[in-house]
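Take a look at the structure set out below.
The values are calculated or read from the model by the stated rules, or taken from the named source; none is laboratory data. The structure displayed is predicted, hence computed values, not measured ones. Note that each Cβ is placed from the backbone with ideal geometry, even for glycine, and that neighbours are counted across all protein chains shown. In case anyone asks, the SASA skips ligands and DNA or RNA and just uses the protein heavy atoms, side chains included. Shrake-Rupley method; radii C 1.70, N 1.55, O 1.52, S 1.80 Å.
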Amino acid sequence: MTASEARTPPRGPVAVTGFGAVTAVGASAAQTSTSIRAGIRRVVERPLAGAGGDPGEEGGVYLASSAEALAAVLGGARPRDLALAAAREALWHAGLYEPRDVEAAYRRVAVAAFLALPAEDAPWADPSSPTAFLEAALSARLLDRAGTKVVAVRAGHVAGILALEAAAASLAAGEADVALVGGMDDLLGPVALAELGRKSKLRTDRAPGGLIPGEGSAFLVVERLDGAARRGASARAVVAATGRGREPVPLDGPEPSRGEGATKALQAALAGGAPVGRVADVFADLNGERNRDLEWALVETRVLSALPAGWKRHVAASIVGDLGAASAGLNLVLAAEAVGRARGGGGAALVCAASDRGERAAALLASPRPGAKG
């Protein structure tokens, strides 16, 4: 799936009823969010691998944000382990999983999973990831085999927003009662690290403008608002609108981005959803790379000047590292939580993402109580 022109989601409100996250700074969405707001980091130095693959062969170190410390809590720190833990929390948060009665807990609704993954041409992309995730989720009794499917959205940084858009369309069409939307990536795997190192994209003493690869996963549970009400689920936020665009100038190219694709995506999200005056938080997938910062400076000036005074920009990657295809999912979780925390219940939050290949995407989440005053 690739991004094209700007668009808004299909008819009918789609609500976020649960979310979960696992990162280097938290084994749950609440822990992760609290750590990010407090500025707690778990960044470590690791030796660079030389041309022969031996650590330290060429000297120097790179920075990484690792979730290895959570292995004992989660039963493993592989990307699939982290994804299962985040999905489990999201389903529990939505009232769809009861760990005390696993045999009888699931399932009263049909669930479709939309999995955000690295782009197909990423050297570390694993074609078997959707099947492996599904089998692991079935084995852990998070999902039922009957009627369960996994839709792979392979688009890197923007994949989480595109997965949310696809889930909203599937819900509107009646193809599923509930959608599980989240991301899984492996930027700390040897293949990804080798590729990032080859492109000089790692944060090192010789490349201070590189990214800090991280480990983590995040998932949302989304469903039609009327369906959530029928089963007594609390709506944490609604998906007010999404937008897409394409940037003709590559992020890694010799010329700076013109910001055309991101401008189009953000304008569509803001035009199709809640009043601009309710947006208090903007979650950007900036990761320390200079070209991303330059593009953001253009887009912020063009599009976000209409936001109310005092809006805040949040950059999760500065705390948890770059989560690759899971980064937009984490920002969506943080946005849903921010909307729920908004004083008076009338908040809205904007999420934006940019892939190296040129896709741009944005999503606007808003309070399910639009008449509330913030």
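Please express the shape of region 156-292 as an equivalent ellipsoid: the semi-axes are the square roots of 5 times the eigenvalues of the C-alpha gyration tensor, given largest first in whole angstrom.
33, 20, 13
Below 8 Å between Cα atoms, with a sequence gap of 6+, how large is the relative contact order for the chain in percent?
24
Can you give the calculated 222 nm mean residue ellipticity of the chain, where each DSSP H run of n ≥ 4 adds -39,500 (n - 2.57) and the sum is split over every residue, rounded to the nearest 500 deg cm²/dmol? Each step should come with its number before you reach the end.
Values: 12 runs with 118 residues, N = 374.
Theoretical 222 nm ellipticity from helices: -9000 deg cm²/dmol.
Skip the ligands, DNA and RNA, and give the accessible area per residue of region 237-291 with a 1.4 Å probe, whole Å². Don't skip to the answer; put the middle values down first.
On the way: 2030 Å² over 55 residues.
Using a 1.4 Å probe on heavy atoms only, each residue of region 237-291 averages 37 Å².
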Stokes-Einstein diffusion coefficient of region 240-374, Kirkwood radius over Cα pairs, 25 °C, 0.890 mPa s, in µm²/s: 166
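For the chain, just run the numbers: alpha carbon Rg, then divide by 2.2 N^0.38 Å, N being how many residues it has. Don't skip to the answer; put the middle values down first.
Working: Rg = 19.4 Å, N = 374, 2.2 N^0.38 = 20.9 Å.
Ratio of Rg to 2.2 N^0.38 Å for the chain: 0.93.
Hey, any idea what % of region 268-374's accessible area is carbon plus sulfur with a 1.4 Å probe?
On the way: 2000 of 3730 Å².
Exposed carbon and sulfur together represent 54 percent of the surface.
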statement: At q = 0.25, 0.26, 0.27 Å⁻¹, the log10 of I(q)/I(0) for region 200-276 from a Debye sum over equal Cα scatterers comes to -1.09, -1.10, -1.12
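Among the trypsin sites (Lys or Arg not before Pro) within region 121-159, which fall in a DSSP loop and have no more than 10 other Cβ atoms within 10 Å of their own Cβ? It would help to have the intermediate numbers written out before the result.
Details: sites: Arg141, Arg145, Lys149, Arg154; in loops: Arg141, Arg145.
When the trypsin sites (Lys or Arg not before Pro) of region 121-159 are filtered for loop state and at most 10 Cβ neighbours within 10 Å, Arg145 remain.
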task: May I ask you to work out the translational diffusion coefficient for region 304-373 at 37 °C, viscosity 0.692 mPa s, via Stokes-Einstein with Rh from the Kirkwood sum over Cα pairs, reported in whole µm²/s?
output: 247
- prompt: Regarding region 275-326, what are the three Cα extents along the principal axes, ordered largest first, in Å?
  reply: 30, 20, 18
